[in-house]
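One structure below.
No lab work stands behind these numbers, since they all come straight from the coordinates. Just so it is clear, the model here is predicted, and its values are computed rather than measured. A quick note on method: Cβ atoms are made from the backbone with ideal geometry, for glycine too, and the neighbour counts reach across all protein chains shown.
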Amino acid sequence: MLMNTRQKTYSSQAGVMLLEALIAILIFSLGILSLVALQATTVQLTSDAKYRTDASLLADKLIGQMWASGGTLAALKTNFESPDGNAYKAWLQNDVTHNNALPGVVAEANGVVSTLPTVTVDATPGATAGQVAITLFWRTPQMKASEPGHRHVVATQIVFQN
C-alpha cells in the first residue's frame with residue numbers, strides 16, 4: 001500500500017519542475033526586454049538633451065556677439081535681426097547650418113515650413129528697449145513629418161551705456 005501512494009505522488013508531480021523552469025525563463029525574458037526598452041529610451045532622451053544643449057549654446061553665442069558689438073540699439077536691430085541682418089546671416093551660416101548643429105533646420109521651400117532661427121530686437125525707446133528674443137527650431141531624424149518640431153526660446157535685454 002505504501003508503494004502505491006508513493007507512485008501516485010510522483011506521477012501527480014511529474015512535469016512540475018519543467019513548468020517552473022519555463023515560468024522562470026518567461027520572467028527573466030520579460031526583465032531583459034524591459035531593460036532593452038529602457039536603453040532605447042535612454043538613448044533617445046540623451047540625443048534630445050544634446051540638441052537642447054546645442055540650441056542653448058548657439059543662442060548664448062549670438063547674445064555674446066550682440067553684447068560685444070557695442071553701438072546703438074538701432075545698429076543691433078539692423079545687424080542681428082532675422083532674416084536680413086548681416087551678423088545674423090553670418091551666425092546662421094557659420095554656426096547653425098554649416099556645422100549642422102541642429103538637425104532639420106531648413107528655409108521655407110516646397111511647402112516645408114521654415115525652421116530657421118528667428119531673432120527679434122526691440123529698438124523702440126522705453127522699458128522694452130533692447131529686448132532680444134531668439135527662437136531656435138529643430139527636427140530630430142526620428143521625427144515623423146507630421147510631428148511638430150522642437151523649439152528653444154531665449155529672451156534677454158541688452159542695454160548699451162553711452
Which of Pro83, Ala145, Gln39, positive extreme of dipole for the chain (C-beta unit charges)
Gln39
Mind checking the full-extension length gain between Met17 and Arg52? Use 0.36 nm per residue of separation minus the Cα-Cα distance, one decimal, nm.
7.3 nm
Pulled fully out, how much extra length does the chain show between Phe160 and Phe28, if you take 0.36 nm times their separation in residues and subtract their Cα-Cα distance?
41.1 nm
Rounded to the nearest 20 debye, dipole of the chain from Cβ charges on Lys, Arg, Asp, Glu:
640
Listed highest first by mean packing, meaning other Cβ atoms within 10 Å per residue, what order do 128-136, 17-25 come in?
128-136, 17-25
Can you check what the Kirkwood hydrodynamic radius comes to for the chain, Cα pairs only, in Å to one decimal?
20.3
Modelled label-to-label distance, Thr41 and Met143, 7 Å Cα→beta-carbon offset: nm?
2.2
So, in nm, how far is label Ala68 from label Thr124 when the simple model puts each one 7 Å beyond its Cα toward the Cβ?
3.2
